[in-house]
Amino acid sequence: MAKILLVDDSNTVRDEVGGFLTKNGLEVITAVDGKDGLNKLKADPGIKLIVSDVNMPNMDGLTMVEKIRSELGNNAVNVIMLTTESNPSMKERGKAAGVKGWIVKPFKGESVLETFRKLSA
């Protein structure tokens, strides 16, 4: 089964998005911030897709992606940002780090479900 790592400091978002994805047949692992997300990815090579917030304590989502690419040397995992952040310079930074998509909250699961399935396969 496809594994998705959901990284968000909000319990509500983790419950809502994680619940939706699980209900639709995807295996979801959650992390509370970028630092936790980095550690979970290191521990589980089966993760194919990361869905992450940008603004979080300890380590933000963009720094996490940059570390995944540079420190872990992992260019294979797909990353989608799910955030309230719509700043063009943030999006450019994400694109430079290899982010595949940028979804501005609120999460509309049905509209991205097939994309998430493809990116986590």
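The values are calculated or read from the model by the stated rules, or taken from the named source; none is laboratory data. Model, not experiment: these values are computed from the prediction. Don't worry about glycine lacking a Cβ; one is built from the backbone with ideal geometry, like all the others, and counts go over all protein chains shown. The protein model used for the area step is the full one, side chains on, heavy atoms only, and it has no ligands, DNA or RNA in it. Shrake-Rupley method; radii C 1.70, N 1.55, O 1.52, S 1.80 Å.
Among the residues of region 33-48, which ones are in contact with a helix residue (DSSP H, G or I) (Cβ under 8 Å, 6 or more places away or on another chain) and either without any contact (Cβ under 8 Å) to a residue 24 or more places away in the chain or assigned to a helix (DSSP H, G or I) (or both)?
Correct list: G34, K35, G37, L38, L41.
Is there any pair linking a residue in region 85-100 that is touching a residue at least 24 places away in the same chain (Cβ under 8 Å) and under 13 Å from T63 (Cβ atoms) to one that is open to solvent by less than 60 Å² (accessible area, probe 1.4 Å) and not in a helix (DSSP H, G or I), with Cβ under 6 Å and at least six apart or on different chains, and which?
Between residues of region 85-100 that are touching a residue at least 24 places away in the same chain (Cβ under 8 Å) and under 13 Å from T63 (Cβ atoms) and residues that are open to solvent by less than 60 Å² (accessible area, probe 1.4 Å) and not in a helix (DSSP H, G or I), the close pairs are G94/M81; V99/V79; V99/M81.
Please work out if R69 is surrounded by fewer than 18 Cβ atoms within 10 Å (Cβ to Cβ), of a type in the set (K, R), over 12 Å from the mean Cα position of the chain (by Cα) and under 20 Å from K3 (Cα atoms).
yes
In region 98-120, which residue that is within 13 Å of I50 (Cα to Cα) and in a loop (DSSP other than H, G, I, E, B) is most open to solvent (accessible area, probe 1.4 Å)? Full working, then the answer.
Going residue by residue through region 98-120, those that are within 13 Å of I50 (Cα to Cα) are 98-103, 115-120.
Pick out the ones that are also in a loop (DSSP other than H, G, I, E, B) and you get 98-100.
Details: G98: 27, V99: 21, K100: 131 Å².
Within region 98-120, the match that is most open to solvent (accessible area, probe 1.4 Å) is K100.
Quick check on my filter: what residues within region 1-59 are open to solvent by 60 Å² or more (accessible area, probe 1.4 Å) and within 21 Å of L113 (Cα to Cα)? If you could, list the steps in order and put the result at the bottom.
First, pick out the residues of region 1-59 that are open to solvent by 60 Å² or more (accessible area, probe 1.4 Å): 1, 9, 11-12, 15-16, 22-23, 27, 32, 35, 39-40, 42-43, 45, 48, 55, 57-58.
Within region 1-59, M1, N11, T12, D15, E16, T22, K23, E27, K48 meet the criteria.
If I filter region 29-46 for residues that are of a type in the set (S, T, Y) and in contact with a strand residue (DSSP E or B) (Cβ under 9 Å, 6 or more places away or on another chain), do I get at least one hit?
First, pick out the residues of region 29-46 that are of a type in the set (S, T, Y): 30.
Right, trim to in contact with a strand residue (DSSP E or B) (Cβ under 9 Å, 6 or more places away or on another chain) and you get 30.
The answer is yes, given that some residue of region 29-46 is of a type in the set (S, T, Y) and in contact with a strand residue (DSSP E or B) (Cβ under 9 Å, 6 or more places away or on another chain).
What are the pairs, 6+ residues apart or on separate chains, where a residue within region 11-30 that is part of a loop (DSSP other than H, G, I, E, B) has its Cβ under 8 Å from a residue that is surrounded by 13 or more Cβ atoms within 10 Å (Cβ to Cβ) and aliphatic (A, V, I, L, M)?
N24/L113; L26/A2; L26/I4
Within region 72-97, take every residue that is assigned to a loop (DSSP other than H, G, I, E, B) and over 20 Å from K35 (Cβ atoms) and give me the one that is most open to solvent (accessible area, probe 1.4 Å).
Residues of region 72-97 assigned to a loop (DSSP other than H, G, I, E, B): 72-77, 84-87, 97.
Then keep just the ones that are over 20 Å from K35 (Cβ atoms); that gives 75-76, 84, 86-87.
On the way: N75: 116, A76: 83, T84: 98, S86: 69, N87: 62 Å².
Among those residues, the one meeting the criterion is N75.
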